[in-house]
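J.: Dropping a structure here in structure tokens format, bear with me for questions.
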Amino acid sequence: MDTIYILWLRQLKRYFRSKSRIIGSLGQPLLFLVALGFGLGPIYQKAGGGSYIEFLTPGIVAMGILFTSLFSGIEIIWDRQFGFLKETLVAPTSRLQIMIGRTLGGATVASLQGLIILFLSFLVGFRLENMSFLPVTIVFIFLIALLFTALGTAIASVLEDMQGFQLIMNFLVMPLFFLSGALFPLQGLPKTFNIITRIDPLSYGVDGLRGTLTNISHFGLLTDFLVLSIMTALILMLGSYLFSKIQI
């Protein structure tokens, strides 16, 4: 347990020490929120959809969590290149504890990032429908963060260079985001596209956030929670296995 706590704390220290990292990771989500929210807002409202800012905000919060979570896996490659990972792996502790500590640390950082974006969304006009659902919102935020931090760790465990990781991320991150319903409603989609969105695990995270923040849910909160929980458990097991196979 000491190892898990130390690695979790190390991830948090890295986050708070790098002000440029905090500001930089907020730039793209806020740009999407402001540009799309106000740019497409009148069209969305004329189509009878109501406030696009209200609809868009849960998706942008999920976007910030997704990016921060997956790219936290880069730190494994970075630590491997500079020797810190070797020092950690040869320590008298299990690799499972090391993986759990790193994953919990990355998930905590990504959750904080999501909460910051949610707070900033109030400045552009977003309003909660029901404050009593805020604790459930935080649960969904952490589940999304934990799922994709574990996925980033699993991918980084089998790669040895930054270039390969960035290539995979570019083919993974943007499809996950754009096919999740973060920017558009999931109702009335073509059958093939509907199947793809149901396969995307982020769809259930976005829907869970939208359900708790705006009382609008496509799949249902229970379905969102169960799918995210099962996927998180599976990816954690996969990530633990791949991390245990890292050669030093």
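J.: Between Ser132, Ser69, which is of a type in the set (Gly, Ala, Ser), surrounded by fewer than 19 Cβ atoms within 10 Å (Cβ to Cβ) and at pLDDT below 90? Full working, then the answer.
T.: Details: Ser69 fails: surrounded by fewer than 19 Cβ atoms within 10 Å (Cβ to Cβ).
After ruling out the rest, the residue left standing is Ser132.
Results for (1) farther than 30 Å from Leu36 by Cα; (2) hydroxyl-bearing (Ser, Thr, Tyr); (3) in contact with a Pro (Cβ under 9 Å, 6 or more places away or on another chain); (4) touching a residue at least 12 places away in the same chain (Cβ under 8 Å), shown as yes or no for each residue.
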position	(1), (2), (3), (4)
Gly101	yes, no, no, yes
Gly105	yes, no, no, yes
Leu143	no, no, no, yes
Thr153	yes, yes, no, yes
Ile168	no, no, no, yes
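J.: Identify, please: which residue in region 199-248 is outside any helix (DSSP H, G or I) and not aliphatic (A, V, I, L, M) and is, among those, surrounded by the fewest Cβ atoms within 10 Å (Cβ to Cβ)? Give the derivation first.
T.: Step one: list which residues in region 199-248 are outside any helix (DSSP H, G or I), which gives 200, 215-220, 245-248.
Still in the running and not aliphatic (A, V, I, L, M): 200, 215, 217-220, 245, 247.
Working: Asp200: 17, Asn215: 11, Ser217: 16, His218: 18, Phe219: 19, Gly220: 13, Lys245: 9, Gln247: 6.
So, considering only residues that are outside any helix (DSSP H, G or I) and not aliphatic (A, V, I, L, M), the one surrounded by the fewest Cβ atoms within 10 Å (Cβ to Cβ) is Gln247.
J.: Going by the conditions given, is Ile230 closer than 30 Å to Arg95 by Cα and at pLDDT below 85? Can you show your working first?
T.: On the way: closer than 30 Å to Arg95 by Cα: yes; at pLDDT below 85: no.
Spelling it out, it is not the case that Ile230 is closer than 30 Å to Arg95 by Cα and at pLDDT below 85.
J.: Next question. Checking Gly50 against (1) surrounded by fewer than 23 Cβ atoms within 10 Å (Cβ to Cβ); (2) within 20 Å of Leu186 (Cβ to Cβ); (3) modelled with pLDDT of 90 or more, only one condition comes out false. Which one?
T.: Every listed condition holds for Gly50 apart from (3).
J.: For region 107-131, what are the residues that are in contact (Cβ under 8 Å) with a residue 60 or more places away in the chain, under 23 Å from Gln28 (Cβ atoms) and of a type in the set (A, V, I, L, M)?
T.: Within region 107-131, Val109, Leu112, Ile116, Ile117, Leu118, Leu120, Val124 meet the criteria.
J.: Additional query: Could you check region 141-186 and list, in sequence order, the residues that are part of a loop (DSSP other than H, G, I, E, B) and either under 16 Å from the mean Cα position of the chain (by Cα) or modelled with pLDDT under 85 (or both)?
T.: Start the filter on region 141-186 by keeping residues that are part of a loop (DSSP other than H, G, I, E, B), which leaves 158-161, 179-186.
Within region 141-186, Val158, Leu159, Glu160, Asp161, Leu179, Ser180, Gly181, Ala182, Leu183 qualify.
The values are calculated or read from the model by the stated rules, or taken from the named source; none is laboratory data. Bear in mind that the values here come from a model prediction, so they are computed numbers and not experimental data. Neighbour counts are summed over all protein chains in view; Cβ atoms, including those assigned to glycine, are modelled from backbone coordinates with ideal geometry.
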